[in-house]
Every structure is written in C-alpha cells, then in structure tokens.
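Heads up: the structure comes next, in structure tokens.
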Amino acid sequence: MPDALDATPYDALLLLSFGGPEGPDDVVPFLENVTRGRGIPKERLKEVGQHYFLFGGVSPINDQNRALLDALRKDFADHGLDLPVYWGNRNWAPYLTDTLREMVADGRRRILVLATSAYASYSGCRQYRENLADSLAALEAEGLPLPRVDKLRHYFNHPGFVEPMIDGVVRSLADLPEDVRDGAHIAFSTHSIPAASADTSGPVEGHGDGGAYVEQHLDVARLIAAAVLERTGVDHPWQLVYQSRSGAPHIPWLEPDICDHLEERHAAGVPAVVMAPIGFVSDHMEVLYDLDTEATAKAEELGLPVRRSATVGADPRFAAAIRELVLERAAAESGRQVTPCALGALGASHDLCPVGCCPARAPRPAAAGVDSPYA
C-alpha cells in the first residue's frame, strides 16, 4: 500500500464545471440557465441550440467530467490520498448548490475547488467564484453550517496540463500527409472573450492589452511549440487564435477567429494546419462543433489539410497534476514550505485572487478570494 498523503486541512475536493444538456429536452432549459438575466427570447435560444441538436441534444461535457472524476479518484487511491471528490455544475445537474448541500450533510467543512478552466478571466475564474458565493448564501439562508471554500490556483502551466497537449500536437503532425507535415502551421485555439474582459483579466498590476488571459495562453503556446521543435526537429510557425464568439457584433472580441485564420493561412500558401485547443480542458461541445465541425468544414472548402489535437481530458498526468496541486495548497495552508510546480516564464499563479482580479461589470460577492465574504 502507498504511504498516506496528507491533505489537511482539507476534507474534500469539489470538481466545479459548466454543465451541459443530456438530451434534446434539456437544451433550451440549459441555455436559459446560461443566459439568465439577459432577456433572450426562447425562439432565439432554439436557434442558438442547433449545434447541440446536431449531436442529439447531448453535450459531451458531463460524461467527460465523469471520466475525470474516475481518474481523480483512482489517482488519489493509488497514491494513498484519502480525499473524497464531489462534482457540481454552474448550469445543469448536478447543480453546485445541491452538491455543496450534500457535502455539508456529509460533514465536509474545508473544501478545495477544481474549476474546469485553466486560465485567468472573468468567465473562467471570477464567475465561478461568484457562483460559489451565491451557493454559500443559499446554504446560509437555509441555516446550514457553511464550509470554508478555497479554489485551486490556475494550472495552465503545470506540466501535467501542458505535457498531454504537447503529445497531442506531435501526434496530429505525424498524422498529416508526409509532403505537408514539415510545413504545417499550428493554430493554438482558445475561447474568444470580449477584449475589455481580456484586458482586465488577472491581478490589477497585469491589466493591459489582453491581460493575463492572453499572456497565459501565449506562454503555453510557446512551451508547446518549443517542445514540438525539440521532439520533431521542425520549427513550426504558430499563432494564438480564437473561437466560439457569442457576443453582439458591435462589441470587440479577441481575434482572429479560427475560420478567418484558416482562410488567411491558406491564402499565404501554408500547406496544412494543426488546430490545438489549448484553452479547453476537454473535448466538449465548443471543441466538437466549432473546431471539428465548423472549422474543419472551412478547411475542406479551402482544400487545406487540417488535424485537431486532443485536449487533456482525463489523462492520468492531469489527474496527477491535480493531486500535486491539492497537496501543494494543503501544505501552504498548514504553514509548511512548498515549491509550486510551473513551466514557462510566468511562474505559479496566486492561491487567493486579489481585489480587482478579473472584475465583473457589476460588482458581486465572490468566494475563495481576498475579498470573499466567506472567509
């Protein structure tokens, strides 16, 4: 048996994700949850939901989270870490508030949260923290004891997140026809967000053009490109591109869009492209539709060979990275010396989000940060 690992003071890990529909009847109610408060008509939501209906109304994200749960529980058990793992979503069952209520009933009082978003941004970090605060407020209104909730730091540059993506890009390059392989361009893709949101991502001192959101993605792209050069001997050109824009046309969002980028690269004479979705933890709907469906159709229209590399998903190295992050945070909270593990130029991210980090347009309470109302 492995030696027991100590996660004290924590008594549970919560996997916190976005959620997704699991059948055609779920699609519109799910989108109503996602867009609540924006006044979007149901007919418009039906139009927006067409990409879900193409896949039978089922988002793959829930099954991918179940696979990650299994991988985490197996890794923890194999390494002697006695820490139960729960799962809650922002927008679909199992809902976050229900899961926190279950955890409290189980006696959990010090909870670590793993969000399925690796980078700093409002939608990828602070909004999850706001959801946590909303759920804690609901428990408080019910008279339940409130657990202390902490969030694991951003893991975009942890080796267990980066190395599986390196393997994915190398495999995708090897899968291209030999006559176009060495000249292939790598399009590192992530979710587009409003430019104003990107500019204010991360701590206040890092706000500026693209903020931490763009800086972190560029750092990961450089790491992967350098590793691909080391493994293949070929220095592939690359660019950070964006996908899944959903905002009003008059509001500036991060560009270039992946489909526009494919057209531009084809016009420039690039013989092939590998699309590497470094901004996503798993192959959920925005990867399957925006890359595997729309972008791939655009490439076929252009006659441009493309491959799409895999996301991290439930890779055992990612599960091991989460275990390491749990133990790192537990050591820090217990006053023990710890050296955070991180690749690249940016170093390890902060444990506690500072005031002004990834601000919302309208201030709302957010848990698991310096300004949390639930210390």
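The values are calculated or read from the model by the stated rules, or taken from the named source; none is laboratory data. Treat the numbers as computed from the prediction; the structure is a model and nothing was measured. We place every Cβ from the backbone using ideal geometry, glycine too, and count neighbours over all the protein chains shown. With ligands, DNA and RNA removed, areas are computed over all heavy atoms of the protein, side chains included. Shrake-Rupley method; radii C 1.70, N 1.55, O 1.52, S 1.80 Å.
Numerical summary
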{"quantity": "Condition met for Val273 (within 22 Å of Leu223 (Cβ to Cβ), buried (at least 17 other Cβ atoms within 10 Å of the Cβ), of a type outside the set (D, E, K, R) and under 20 Å from the mean Cα position of the chain (by Cα))", "calculated": "no"}
{"quantity": "Condition met for Ser135 (crowded, with 19+ Cβ neighbours inside 10 Å and in contact (Cβ under 8 Å) with a residue 12 or more places away in the chain)", "calculated": "yes"}
{"quantity": "Matching entry among Asp78, Asp98 (being among the acidic types (Asp, Glu) and without any contact (Cβ under 8 Å) to a residue 40 or more places away in the chain)", "calculated": "Asp98"}
{"quantity": "The listed residue being more than 19 Å from Ala345 (Cα to Cα), buried (at least 23 other Cβ atoms within 10 Å of the Cβ) and not β-branched (Val, Ile, Thr), out of Ala196, Ala248, Ala267, Ala295", "calculated": "Ala295"}
{"quantity": "Qualifying residue in segment 49-68 (condition: over 22 Å from the mean Cα position of the chain (by Cα), modelled with pLDDT of 95 or more and within 30 Å of Arg317 (Cα to Cα))", "calculated": "no"}
{"quantity": "Yes/no for Tyr128 being outside any helix (DSSP H, G or I) and either buried (at least 16 other Cβ atoms within 10 Å of the Cβ) or free of Cβ contacts under 8 Å to residues at least 12 places away in the same chain (or both)", "calculated": "no"}
{"quantity": "Any hit, segment 214-229, residues being open to solvent by 10 Å² or more (accessible area, probe 1.4 Å) and assigned to a loop (DSSP other than H, G, I, E, B)", "calculated": "no"}
{"quantity": "Top-ranked residue of segment 101-118 - restricted to ones that are within 26 Å of His191 (Cβ to Cβ) and either touching a Gly at 6+ places or on another chain (Cβ under 7 Å) or part of a strand (DSSP E or B) (or both), ranked as most open to solvent (accessible area, probe 1.4 Å)", "calculated": "Ser117"}
{"quantity": "Hits in segment 138-163 (condition: touching a Lys or Arg at 6+ places or on another chain (Cβ under 7 Å), open to solvent by less than 10 Å² (accessible area, probe 1.4 Å) and farther than 20 Å from Ala12 by Cβ)", "calculated": "Gly160"}
{"quantity": "Filter pass, Ser201 being part of a loop (DSSP other than H, G, I, E, B), touching a residue at least 12 places away in the same chain (Cβ under 8 Å) and at negative phi", "calculated": "yes"}
{"quantity": "Hits in segment 230-245 (condition: part of a loop (DSSP other than H, G, I, E, B) and either buried (at least 21 other Cβ atoms within 10 Å of the Cβ) or among the charged types (D, E, K, R) (or both))", "calculated": "Asp235, Ser244, Arg245"}
{"quantity": "Residue in segment 21-42 that is open to solvent by 10 Å² or more (accessible area, probe 1.4 Å), among the basic types (Lys, Arg) and not in a helix (DSSP H, G or I) present", "calculated": "yes"}
{"quantity": "Residue tally, condition of a type in the set (Val, Ile, Thr), under 26 Å from the mean Cα position of the chain (by Cα) and either assigned to a helix (DSSP H, G or I) or under 19 Å from Glu230 (Cα atoms) (or both), over segment 166-194", "calculated": "4"}
{"quantity": "Selection count where residues are modelled with pLDDT of 95 or more and within 14 Å of Ala196 (Cα to Cα), scope segment 233-256", "calculated": "4"}
{"quantity": "Matching residues, segment 173-192, being over 21 Å from Gly347 (Cα atoms) and either basic (Lys, Arg) or open to solvent by less than 10 Å² (accessible area, probe 1.4 Å) (or both)", "calculated": "Leu173, Leu176, Arg181, Ala184, His185, Ile186, Ala187, Ser189, Ser192"}
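Residue by residue, here is whether (1) within 30 Å of Arg44 (Cβ to Cβ); (2) under 21 Å from the mean Cα position of the chain (by Cα) holds:
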| site | (1), (2) |
| --- | --- |
| Val220 | no, yes |
| Ile258 | yes, yes |
| Leu262 | yes, no |
| Ser282 | yes, yes |
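A quick yes/no check of all residues on (1) out of contact with any strand residue (DSSP E or B) (no Cβ under 8 Å at 6 or more places or on another chain); (2) open to solvent by less than 50 Å² (accessible area, probe 1.4 Å):
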{"position": "Arg329", "(1), (2)": "no, yes"}
{"position": "Gly335", "(1), (2)": "yes, no"}
{"position": "Gly347", "(1), (2)": "yes, yes"}
{"position": "Gly356", "(1), (2)": "yes, yes"}
{"position": "Ala360", "(1), (2)": "yes, yes"}
{"position": "Pro363", "(1), (2)": "yes, no"}
{"position": "Tyr374", "(1), (2)": "no, yes"}
